[in-house]
Amino acid sequence: MQDFFSWLGQTLGEIIRFVVDLLILFFYNLGASARGFFDGLANALGIPPTLISLAVLLLGLWLLYLALRALLRRRIIATLIWAVLGWWC
């Protein structure tokens, strides 16, 4: 009886270890893929691949989106303000 539970515990431990190894491999590759994506994006845009640079890029894109929304609503002054702020970022 003790041999059965020993075998069961060992088998369960190996299954858990296998799942943990798969998760480690998945998240490592996911992180490496994200890092490669941001490095390629930053190199294509000619900016340093730092978190602050990417945050400023997203802020600028968001401001340009606001300018487009203002333009579609025919708000010329707001469009100019959002567009200038978006290009300035």
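Six or more apart or on different chains, Cβ atoms under 9 Å: show the pairs whose first residue is in segment 38-66 and touching a residue at least 12 places away in the same chain (Cβ under 8 Å) and whose second is open to solvent by less than 90 Å² (accessible area, probe 1.4 Å) and among the basic types (Lys, Arg).
Cβ pairs passing all conditions: none.
Among the numbered criteria (1) open to solvent by less than 90 Å² (accessible area, probe 1.4 Å); (2) hydrophobic (A, V, I, L, M, F, W, C); (3) out of contact with any Gly (no Cβ under 7 Å at 6 or more places or on another chain); (4) at pLDDT 85 or above, which single criterion is violated by Leu85?
In the conditions (1) open to solvent by less than 90 Å² (accessible area, probe 1.4 Å); (2) hydrophobic (A, V, I, L, M, F, W, C); (3) out of contact with any Gly (no Cβ under 7 Å at 6 or more places or on another chain); (4) at pLDDT 85 or above, Leu85 misses (4) alone.
Counting just the residues of segment 19-63 that are within 30 Å of Trp82 (Cβ to Cβ), open to solvent by 60 Å² or more (accessible area, probe 1.4 Å) and polar (S, T, N, Q), which one comes out modelled with the lowest pLDDT?
The residue in question is Thr50.
Here is a check on your reading of the model: is Leu68 within 26 Å of Arg35 (Cβ to Cβ), aliphatic (A, V, I, L, M), open to solvent by 70 Å² or more (accessible area, probe 1.4 Å) and modelled with pLDDT of 90 or more?
The answer is no for Leu68.
The values are calculated or read from the model by the stated rules, or taken from the named source; none is laboratory data. This structure is a prediction, so every number in the text was calculated from the model and none was measured. Because the Cβ atoms are built from the backbone with ideal geometry, glycine has one as well, and the counts that use them run over all protein chains shown. Each accessible area value is taken on the protein alone, full model and side chains, heavy atoms only, with ligands, DNA and RNA left out. Shrake-Rupley method; radii C 1.70, N 1.55, O 1.52, S 1.80 Å.
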